[in-house]
Amino acid sequence: MSISKRDFLQVLGAASAAGMSLGRWADADAATASKGLYEAPRFGSVSFLHMTDCHAQLMPVRFREPSVNLGIGSMQGQLPHLVGEALLQRAGIRPGTELAHAYTSLDFEQAARRYGRVGGFAHLATLVKQLKASRPGALLLDGGDTWQGSATSLWTNAQDMVDACKLLGVDVMTGHWEFTYGMERVKQIVDNDFKGKVNFVAQNVKTADFGDPVFEPYVIREINGVPCAIIGQAFPYTPIANPRYMVADWSFGIQDENLQKMVDEARGKGAQVVVVLSHNGMDVDLKMASRVRGIDAIFGGHTHDGVPVAIPVANAGGKTLVTNAGSNGKFLGVMDFEVKGGKVADFRYRLLPVFANQLPADPAMEALITKVRAPYEAKLAERLAVTDGLLYRRGNFNGSWDQLICDALMDVQGADIAFSPGFRWGTTLLPGDVITRELMMDQLAITYPYATLSEMSGETIKTVLEDVCDNLFNPDPYYQQGGDMVRVGGLTYTCTPGEAMGRRISDMRLKGKPIEAGKSYKVAGWAPVAEAARTAPGAKPVWDVVETWLKSQGGRVKPRALNTPKLVGVAGNPGMLA
């Protein structure tokens with residue numbers, strides 16, 4: 001696509017002018033304020049709505065954005081690796097506004113109490129209907145990580161989310177955590193529930209034996225007479241980040257060359273607009289955009305980055321816009337294209353936060369949610385404890401929810417050290433909130449939940465930390481294969497993110513004493529990717545361990561002291577709050 005000087009203005013935040021105009025409505029009541037926040041005049045003839053990484057959150061939630069999202073090397077100081085005021089300045093958003101709260105962790109507790117909860121499918125449905133009414137023919141794209149992340153999605157084998165997405169009006173979808181329900185269940189949903197309603201697309205998922213496509217690689221839909229291709233890009237590292245046995249017959253990968261073939265094929269069939277619905281993660285999308293020509297926009301997910309602007313990336317064919325629409329149902333991306341002469345001539349992009357108190361609940365969606373939750377309400381609502389501190393998850397190195405999980409693993413299982421995966425999903429609780437079973441399960445609801453306890457040498461511990469750290473900070477985005485850094489309990493260490501593989505982790509200590517390479521340590525963990533863990537003697541789900549710990553705290557959980565590494569070489573990095 002060929003874009004004008006809007007490229008520069010977009011990155012500076014011209015397209016997020018809604019953030020500046022909100023000042024008129026900052027002190028208004030909810031109904032009046034919503035007019036300012038959700039005024040989104042139609043532009044052009046082709047529109048896409050984009051949601052991603054809702055992690056099965058049907059109800060409104062709280063979700064704290066990261067205070068640490070480091071960019072290293074060429075990624076330092078670039079989106080999405082900006083947090084707090086640095087992000088607001090880049091996007092042209094005034095501090096202290098609703099949008100500042102939506103996109104950053106600044107003054108989170110105070111702002112969360114003022115502006116209320118975010119997301120919730122009943123409120124999201126209202127916004128989707130409003131935007132589709134103002135943009136006839138607009139398509140709703142779902143970037144995946146939709147069927148996993150809540151108790152009800154786990155207990156219904158994803159059926160609650162499948163039904164909700166059909167009612168929401170999702171048109172096209174790709175996946176990642178969906179695959180952890182297993183190949184048979186995924187195909188059952190795609191071939192039956194979604195048939196004739198939702199296109200599940202993934203150009204990079206093929207059979208492991210003959211390399212045949214498992215899903216449609218793309219779909220061409222006509223929007224107001226304009227043929228538009230939506231190509232799917234599922235999470236390329238699913239068999240590495242998640243259990244391989246769950247997708248044993250399928251192969252994944254980035255597959256740039258095949259993506260280029262799909263773009264060319266779709267163009268050859270008459271597509272005037274070509275977009276990629278991706279679950280790569282934003283850094284991977286930015287690199288992919290520079291290597292594959294002919295893509296107008298990449299609608300990205302996986303890394304949960306709520307980026308308020310579309311980033312233009314130059315390539316051999318022109319420019320590609322890269323976006324990422326956050327997580328937990330908190331945002332809805334709106335991309336409007338003006339198409340002239342058979343190609344995209346201009347665009348407008350907005351990332352709209354979904355504030356539950358400013359969008360009335362859609363009655364039909366609210367009724368569905370009530371119905372699917374009804375059999376589980378008593379179980380979901382059971383009180384386990386009250387938190388005295390803020391509980392959150394998102395951040396490169398640790399979160400207070402992660403710390404709680406590590407503390408529970410060590411205390412209940414008698415371990416010296418605990419590892420908890422660097423999952424980015426999981427909702428946030430304010431001080432004084434009741435920890436119900438539902439809110440606990442928001443942090444733990446996966447299909448391979450087994451708690452582990454093993455002997456591990458100091459050398460192996462360092463290898464684990466180095467491997468995960470390289471997944472996060474490798475200077476080549478195509479080698480960034482996981483989530484955030486593994487969360488660590490008991491063990492302290494120093495991390496130098498800018499160092500080379502094998503040299504980032506140093507000064508590992510347990511109770512002040514250096515970790516010895518040849519010594520064995522008792523390490524607790526959970527979410528093992530090995531199939532043998534399912535049948536290991538005494539295997540129990542991690543939620544049993546955490547619930548036992550919560551119930552032993554005398555009704556209240558004290559604020560968690562975060563065990564974060566000493567960081568070297570990142571002073572002044574705008575991906576970290578001072």
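Here are a few things to note about the model shown:
- Test: residue in region 417-437 that is farther than 27 Å from R62 by Cα and touching a residue at least 24 places away in the same chain (Cβ under 8 Å): yes
- Conditions (1) open to solvent by 40 Å² or more (accessible area, probe 1.4 Å); (2) touching a Lys or Arg at 6+ places or on another chain (Cβ under 8 Å); (3) within 21 Å of Q57 (Cα to Cα); (4) of a type outside the set (D, E, K, R): number failed by A364: (2)
- Any chance E222 is touching a Gly at 6+ places or on another chain (Cβ under 9 Å), at pLDDT 95 or above and in a strand (DSSP E or B): yes
- Count - residues of region 325-350 that are assigned to a strand (DSSP E or B) and either basic (K, R) or open to solvent by 10 Å² or more (accessible area, probe 1.4 Å) (or both): 8
- Search result, residues across region 499-511 that are part of a loop (DSSP other than H, G, I, E, B) and either open to solvent by 60 Å² or more (accessible area, probe 1.4 Å) or without any contact (Cβ under 8 Å) to a residue 12 or more places away in the chain (or both): E499, A500, M501, R503, K511
- Taken over region 36-60, the criterion of being of a type in the set (D, E) and open to solvent by 10 Å² or more (accessible area, probe 1.4 Å) is satisfied by E39 alone.
- Annotation note: of A533, A517, A524, A445, the sole residue that is loosely packed, with under 15 Cβ neighbours inside 10 Å and of a type in the set (A, V, I, L, M, F, W, C) is A517.
- Where N280 falls short, out of the listed (1) touching a residue at least 60 places away in the same chain (Cβ under 8 Å); (2) crowded, with 24+ Cβ neighbours inside 10 Å; (3) polar (S, T, N, Q): (1)
- Considering (1) at positive phi; (2) at pLDDT 95 or above, the lone condition that G395 does not fulfil carries the number (2).
- Region 186-211 residues that are over 18 Å from E257 (Cα atoms), paired with ones that are of a type in the set (K, R) and open to solvent by 10 Å² or more (accessible area, probe 1.4 Å) (beta carbon under 8 Å, 6 or more apart): D193/K166; F194/K166; K197/K166; V198/K166
- Residues being open to solvent by 10 Å² or more (accessible area, probe 1.4 Å) and either in contact with a Lys or Arg (Cβ under 8 Å, 6 or more places away or on another chain) or part of a strand (DSSP E or B) (or both) - total across region 292-305: 2
- The set of residues from region 229-250 being open to solvent by 10 Å² or more (accessible area, probe 1.4 Å), assigned to a loop (DSSP other than H, G, I, E, B) and in contact with a helix residue (DSSP H, G or I) (Cβ under 8 Å, 6 or more places away or on another chain) comprises A248, D249.
- Qualifying residue in region 457-471 (condition: over 27 Å from P236 (Cβ atoms), in contact with a Lys or Arg (Cβ under 8 Å, 6 or more places away or on another chain), surrounded by fewer than 17 Cβ atoms within 10 Å (Cβ to Cβ) and among the small types (G, A, S)): yes
- Single residue of region 554-567 satisfying the filter (open to solvent by 60 Å² or more (accessible area, probe 1.4 Å) and in contact with a strand residue (DSSP E or B) (Cβ under 6 Å, 6 or more places away or on another chain)) that is farthest from L444 (Cα to Cα): K566
- Checked against the criteria, G175 counts as within 27 Å of L380 (Cα to Cα), modelled with pLDDT of 95 or more, small (G, A, S) and open to solvent by less than 30 Å² (accessible area, probe 1.4 Å).
- Out of A125, A111, A133, A86, sole residue that is under 22 Å from I230 (Cβ atoms) and open to solvent by 10 Å² or more (accessible area, probe 1.4 Å): A133
Conditions (1) part of a helix (DSSP H, G or I); (2) touching a helix residue (DSSP H, G or I) at 6+ places or on another chain (Cβ under 7 Å), marked per residue:
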residue: P360; (1), (2): no, yes
residue: A364; (1), (2): yes, yes
residue: A367; (1), (2): yes, no
residue: G389; (1), (2): no, yes
residue: A408; (1), (2): yes, yes
residue: V412; (1), (2): yes, yes
residue: A415; (1), (2): no, yes
residue: G426; (1), (2): no, yes
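- Among the residues examined, T207 does not qualify as β-branched (V, I, T), under 24 Å from the mean Cα position of the chain (by Cα) and either surrounded by fewer than 16 Cβ atoms within 10 Å (Cβ to Cβ) or farther than 24 Å from D346 by Cα (or both).
Each row is one residue, and each column tells you yes or no for (1) buried (at least 19 other Cβ atoms within 10 Å of the Cβ); (2) part of a helix (DSSP H, G or I).
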{"site": "L140", "(1), (2)": "yes, no"}
{"site": "N157", "(1), (2)": "no, no"}
{"site": "M161", "(1), (2)": "yes, yes"}
{"site": "I189", "(1), (2)": "yes, yes"}
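- Take the conditions (1) open to solvent by 30 Å² or more (accessible area, probe 1.4 Å); (2) within 16 Å of T564 (Cα to Cα); M485 misses just one of them, which is (1).
- Here A133 does not qualify as within 25 Å of W425 (Cα to Cα), part of a helix (DSSP H, G or I) and among the small types (G, A, S).
- If you go through region 398-422 and keep only what is within 24 Å of the chain's Cα centre (by Cα), surrounded by fewer than 24 Cβ atoms within 10 Å (Cβ to Cβ) and more than 18 Å from D544 (Cβ to Cβ), you end up with S400, G422.
The values are calculated or read from the model by the stated rules, or taken from the named source; none is laboratory data. Note that the structure is a prediction, hence the values are computed from the model and not measured. Heads up, the Cβs are rebuilt from the backbone with ideal geometry, glycines too, and the neighbour counts pull from every protein chain shown. Heads up: the accessible areas ignore ligands, DNA and RNA and are worked out on the full protein's heavy atoms, side chains in. Shrake-Rupley method; radii C 1.70, N 1.55, O 1.52, S 1.80 Å.
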